[in-house]
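Down below is the structure, laid out as C-alpha cells.
Readers should treat all values here as calculations from the given coordinates under stated rules, not as data from a laboratory. Values in this document were obtained by computation on a predicted structure and should not be read as measured data. Reconstructed Cβ throughout: ideal geometry from the backbone, glycine too, with neighbour counts over all protein chains shown.
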Amino acid sequence: MSNDNTNQIEIHGVNKKFVIDKKKVDILKDINLEFKKGEFICIVGASGCGKSTLLRMISGLETVEEGEITVGGQKVTQPTLKTGMVFQESRLFPWSNVEKNIEFGITHSKSKKLDKYAKKKLVNSLIELVGLKGFEKAIPKQLSGGMQQRVSIARGLINNPDVLLLDEPFGALDAITRINMQNEILRIWEAEKKTMVLVTHDIDEAIYLGDKVVVLSSRPGTLRKVFNVDLPRERDRNSAEFASIRSKIYKEFFNDVKRKEPEYYI
C-alpha cells in the first residue's frame, strides 16, 4: 500500500434513490468513506445493496443526488479521465482484435494529441502489462474469459487514470482462472501504483486483495464497518490470521454470530 496519506476518494453523506414503479426506493443511505492514494479497496455486500451503484457514482456514470463525492479533490459530476472502469462483462467488440479493443478506450481529446505511432506504443505497453503479448491480433472469441478481462483492464488503464474501478470483474470466471486473475490484478496494482476499488460478493477475494474491506448492509446499503487487512503480501488464504479476518467479516456481513459460518466462500 502507498505511504501517501492523501485522500484520493472522499464520499460524504451520499444517499441514492431509484424510482421503481413510480415509487422512490432507497438504494444507498448516508455513506461516508475516505480512500487514500494507492490503496486497494474492496466493497462487499448482499445483492441489491447498492455497491455497484456506489462504484458508478464514483466514476460519474451515475449521478450523485444527495451528498458529495470527490476524486483527487474535485467533485464528481460526470465521467473524467481521473477514473477508469472495468465491468463484470468484458464488453469487447467481437469483430475487433485485442489492439483495437484496447485502443477504443482512448478518449477523443487524448486521441487528437497522439499520432498512430504513439497510440500503438501506448497500446503495446498495456498489452505487455496485462500479459497478452503475442495475442495482439486475436479477436475475443479466440480468447479465454480471463484473457478477455485482461483486455478490459488494459482498456480501463489506457487513459492513465488515477483510480481504477472494478465491478465484479472476475465474477463470471471459473475458480482457478479467478484466483489467477486476482494475482494478476495485484501485480498490475503494484506496478502501476493506482488506487483501485473493487466490488465483489467474494469475501475471500476481498481479504486477499484489499488493504481495506468495506461491508455494506442489505438494501438500503448503509456502511456497516470498514476492516483494515493488515496482512503481508502474498497472503495465505489458509492462515489463522486470514481465517480470523474472514470470521469477523462474516459476522458483520450476516449480522448473526450464531449462524454457522461457511468454511470457504468463492
I'd like the trypsin sites (Lys or Arg not before Pro) in segment 116-171 restricted to DSSP loop residues with at most 13 other Cβ atoms within 10 Å, sorted by number.
LYS133, LYS137
The relative contact order of segment 1-147, taking Cα pairs under 8 Å that sit 6 or more residues apart, comes to a percentage of 20 percent
Relative contact order of the chain, please, whole-number percent, based on alpha carbon pairs below 8 angstrom and at least 6 residues apart.
25 percent
Mean 1/r over distinct Cα pairs of the chain, inverted to a Kirkwood Rh in Å, yields 19.3 Å
Along the chain, longest interval not containing exposed GluC sites (Glu not before Pro), exposed being DSSP loop plus at most 12 other Cβ atoms within 10 Å
66-233
Of GLY156, PHE170, LEU126, which is farthest towards the positive pole of segment 126-256's charge dipole, taken about the Cα centre with +1 and -1 on the beta-carbons of Lys, Arg and Asp, Glu respectively?
GLY156
List the relative contact order of segment 1-84 as a percent without decimals, with contacts defined as Cα pairs under 8 Å and 6+ residues apart.
33 percent
What residue among ILE58, ILE43, ILE188 shows peak mean-square fluctuation when the chain is described by a Gaussian network model with Cα springs under 10 Å?
ILE188
Can you list the trypsin sites (Lys or Arg not before Pro) in segment 21-86 that are in a DSSP coil and have 11 or fewer other beta carbons within 10 angstrom?
LYS22
Treating the beta-carbon of each Lys and Arg as +1 and of each Asp and Glu as -1, no other charges, what is the dipole magnitude of the chain about its Cα centre, to the nearest 20 debye?
700 debye
Highest GNM mean-square fluctuation, the chain, Cα pairs closer than 10 Å: which of GLN149, GLN182, GLN74?
GLN74
Span from the segment 110-161 Cα centroid across to the segment 22-78 one, whole angstrom
28 Å
Restraint check, LYS29/LYS248; LYS16/LYS248; LYS23/LYS248; LYS121/LYS194, Cα-Cα greater than 25 Å
LYS16/LYS248; LYS23/LYS248
Quote the Stokes-Einstein diffusion coefficient, in whole µm² s⁻¹, for segment 5-87, based on the Kirkwood radius over alpha carbon pairs, a temperature of 4 °C and a viscosity of 1.567 mPa s.
97 µm²/s
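Considering only DSSP beta bridges where both residues belong to the chain, give the percentage that are antiparallel (nearest 5). Don't skip to the answer; put the middle values down first.
Details: 22 of 40 bridges.
Counting DSSP beta bridges with both partners in the chain, the antiparallel share is about 55 percent.
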Most fluctuating of GLY73, GLY134, GLY156 in the GNM of the chain (C-alpha, under 10 Å) is GLY134
